[in-house]
Amino acid sequence: MMTTKFKLTERSVADLKATGADYKAFDTVLPGFHVRVLPSGVRSYAVFYRNADGKQRTVSLGRTNLLRSCPWTWCNCAVAVTALSGMAGSISVPGWTG
């Protein structure tokens, strides 16, 4: 699976194009935050985290085109990641100090 890394903005996410395989575009500011792009062109926001056992997991935040009424901006995702990292102290997001 191909991965890219740049600052995710509404514009940069809208510019992501479908390829023959799914790939992830990671944010350079918020560790773990990324957009998964499927070959069909569907784009979804997600966050990687580690559970209490240290296993990496993913939380899907929703499709980018369905969240127009409540867009997942970097700030909103920071709140989501902070909430994830504070869940009973059992979840850690690598590189996040929020």
Could you look through the stretch 12-50, keep only residues that are at pLDDT 85 or above and of a type in the set (Lys, Arg), and pick out the one that is nearest to residue 63 (Cα to Cα)?
43
Selection from the stretch 21-45 of residues of a type in the set (Gly, Ala, Ser) and surrounded by 14 or more Cβ atoms within 10 Å (Cβ to Cβ) yields 25, 32, 44
Consider the stretch 51-74. How many of its residues are at pLDDT 85 or above, over 14 Å from the mean Cα position of the chain (by Cα) and surrounded by 12 or more Cβ atoms within 10 Å (Cβ to Cβ)?
0
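The values are calculated or read from the model by the stated rules, or taken from the named source; none is laboratory data. Just so you know, these numbers come straight off a predicted model, no measurement behind them. FYI the Cβ positions are ideal-geometry reconstructions off the backbone, even for glycines, and counts take in every protein chain you see.
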